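Trainee: Pasting a structure here, questions to come.
The values are calculated or read from the model by the stated rules, or taken from the named source; none is laboratory data. These figures come from a predicted structure and were not determined experimentally. All Cβ positions, even for glycine, are placed from backbone atoms using ideal geometry, and neighbour counts span all protein chains on display. The accessibility values were calculated without ligands, DNA or RNA, using every heavy atom of the protein model including side chains. Shrake-Rupley method; radii C 1.70, N 1.55, O 1.52, S 1.80 Å.
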Amino acid sequence: MRHALTTGGMALLAVLSIISCKQTVRELNPAVTPVSTLTAPENNASVKLEPSTPASVQFKWAPVQAAEGVLYEVAFDKTDGDFSKPFYKTVSDGLGVQPQLTLSHNDLKKIAALGGIGASATGSVKWTVLASVALNRQTGTSNRVLTMTRPAGFVDLPDSLYLTGTATEGGDDLSKAVRLKKVEDGVYEGYTSLKAGSYYLTNRLSGAGKSYYVAKDTIREGTSRTTLTGPTKTYRLRYDFNIASTQATEIQSVGLFMSAYNKEIGTLAYAGNGTWSAASIPVEFYQFSWGRDERYKFAIHTATGIEYMGSSNVNNNSPAGAPASYFYLLPVSNAQWDNTYKFDPSADLQKVKVDLFLRANAPYSHQVTVQK
């Protein structure tokens, strides 16, 4: 009996709950007024786009009156358009809630391209704000013109990049193309050698990819090839598609720099595939009054000067039992003692084999093997 009463009570509560819920249901009020006041940027403002930087532009307006929550969108159109078919629109900050929109220069570069502004050109678009509640959308009664200057960069940035051709280490076989490391959006880097011949860049290891070539230090899309003459040289190649620029820095040699001696104690030679090696370098820790010092890093000799690669840590402990990340490399300062590694204690008064790996498929790293 008690179970029956309990069950019946629960059923009654469920019915009352449903009735209560039905009583609170109301129709959505879609009334909303159009945005009439735009506050930033100023009308006819000019922006020189720098998509490779974190620069941004904020679009702001006065919020509108509405009985329900408002969704804001910023719409862009050609200067002679009426926003009936804007070429681009996006919700405001806070998933459309806030009366402002923050767009990076990289976003604006894409908008400029959609608006018909070519690379290395200046042009104008206009913008307004759409305010919506449910299906009721009101186009702003005010709009402003924004003038943008696009750099020479690409709108569609490659998601991968390879170097191929007779001048490259992989030759003209596309399946053996040299992979480049993506260091940030639209920016690629590679350590490799180039010889007399021709080369080009592609974003795919198949015939369906896009092709690029270099002309006067500028990246261009197309099937042309860049021709090289002269002896084989090793380079750090850098391609920035945000501004369509390229830089080739010749790497002449790599030295093993030992801090206590404040000099290089050995030289690594390029062995291909982004690798520098030295088969046998004598190592002797430096004797101080407090003990023997074993710190080292790498000196990269380029055609324009000496650069250094070392640890992300200013100071390091012994490598014994350390993870693989201990040996990772990144550009560091020329400070004698900072961002150095330590040799394994067994390396003192021994010879070591040193390998430096600057490859695209893994973090830049190195390996020291003690020879006994």
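Trainee: Show me 279-287, 307-315, 78-86 ranked by packing, highest mean number of other Cβ atoms within 10 Å first.
Mentor: 307-315, 279-287, 78-86
Trainee: Right, next: What are the ³J(HN,Hα) couplings of region 297-306, residue after residue, when phi is run through the Karplus curve with 6.51, -1.76, 1.60 and θ = phi - 60°? Round to Hz, x for glycine and proline.
Mentor: Here the 3J(HN,Hα) series is 7, 10, 9, 9, 8, 10, 5, 10, x, 9 Hz.
Trainee: Could you sort Trp276, Trp290 by accessible area so the largest value comes first, with the probe set to 1.4 Å? Walk me through the numbers on the way to the answer.
Mentor: Details: Trp276 5, Trp290 160 Å².
The most accessible residue leads, giving Trp290, Trp276.
Trainee: Return the long-range amide H neighbours of Arg359 (sequence gap of 5 or more, or a different chain), with a cut-off of under 5 Å between placed amide H atoms.
Mentor: Excluding prolines and chain starts, which carry no amide H, the hits are Ser365.
Trainee: Provide the FRET efficiency to the nearest 0.05 for the Asn313-Ser36 pair, computing r from the beta carbons and using R0 = 51 Å.
Mentor: On the way: r = 56 Å, r/R0 = 1.11.
Working from the Cβ atoms, E equals 0.35.
Trainee: Which entries in the list Lys210/Lys353; Lys182/Lys233; Lys60/Lys182; Lys109/Lys195 go over 32 Å, if you measure between the two C-alpha atoms of each?
Mentor: Long pairs (Cα-Cα over 32 Å): Lys210/Lys353; Lys60/Lys182; Lys109/Lys195.
Trainee: Follow-up question, since we're still on this one. What are the ³J(HN,Hα) couplings of region 42-51, residue after residue, when phi is run through the Karplus curve with 6.51, -1.76, 1.60 and θ = phi - 60°? Round to Hz, x for glycine and proline.
Mentor: Taking θ as phi minus 60°, the curve returns 4, 4, 6, 5, 10, 10, 8, 6, 10, x Hz for region 42-51.
Trainee: Which shape class, rounded, prolate or oblate, goes with region 190-244 when its Cα gyration tensor gives a ≥ b ≥ c as root eigenvalues, a/c under 1.5 marks rounded, and past that a/b bigger than b/c marks prolate? Write out the running numbers ahead of the final one.
Mentor: Working: a/c = 1.62, a/b = 1.41, b/c = 1.15.
Prolate shape, in that a/c is at least 1.5 and a/b is the bigger ratio.
Trainee: Moving on. Based on alpha-carbon centroids, what's the gap between region 294-311 and region 72-130 in Å, whole number please?
Mentor: Comparing the Cα centres of region 294-311 and region 72-130, I get a distance of 46 Å.
Trainee: Tell me the mean residue ellipticity at 222 nm calculated for the chain from its helices only (DSSP H runs of n ≥ 4, each -39500 (n - 2.57), averaged over every residue, nearest 500).
Mentor: Dividing the helical sum by the residues of the chain leaves -3000 deg cm²/dmol.
Trainee: Related question: Once you sort the root eigenvalues of the Cα gyration tensor of region 41-183 as a ≥ b ≥ c, which label holds: rounded (a/c under 1.5), prolate (a/b larger than b/c) or oblate (the other case)?
Mentor: prolate
Trainee: Choose one answer from Ser206, Ser198, Ser124: the residue with the largest mean-square fluctuation in a GNM of the chain with alpha-carbon springs under 10 Å.
Mentor: In this elastic network of the chain, the residue with the biggest mean-square fluctuation among Ser206, Ser198, Ser124 is Ser206.
Trainee: Compute the Cα gyration tensor for region 258-364, then decide on rounded, prolate or oblate, letting a ≥ b ≥ c be the square roots of its eigenvalues: rounded whenever a/c is under 1.5, prolate when a/b is larger than b/c in the other cases, and oblate in all that remain.
Mentor: On the way: a/c = 1.40, a/b = 1.39, b/c = 1.01.
Since a/c stays below 1.5, the shape of region 258-364 is classed as rounded.
Trainee: For the chain, compute Rg over Rh where Rg is the Cα radius of gyration and Rh is the Kirkwood radius from the inverse mean 1/r over Cα pairs. Kindly include the intermediate steps, with their values, before the conclusion.
Mentor: Values: Rg = 30.9 Å, Rh = 25.9 Å.
Here the Rg-to-Rh quotient is 1.19.
Trainee: Would you kindly state how much longer the chain becomes between Arg292 and Asp93 on full extension, computed as 0.36 nm times their sequence separation minus their alpha carbon distance, in nm to one decimal?
Mentor: So the chain would gain 65.9 nm between Arg292 and Asp93.
Trainee: Ignoring ligands, DNA and RNA, how do Leu101, Leu205 rank by accessible area with a 1.4 Å probe, largest first?
Mentor: Of Leu101, Leu205, the descending order of accessible area is Leu205, Leu101.
Trainee: If the reach is capped at under 17 angstrom between alpha carbons, list the aspartates and glutamates near Lys89, excluding any in the same chain fewer than eight residues apart.
Mentor: Within reach: Glu73, Asp77, Asp80, Asp107.
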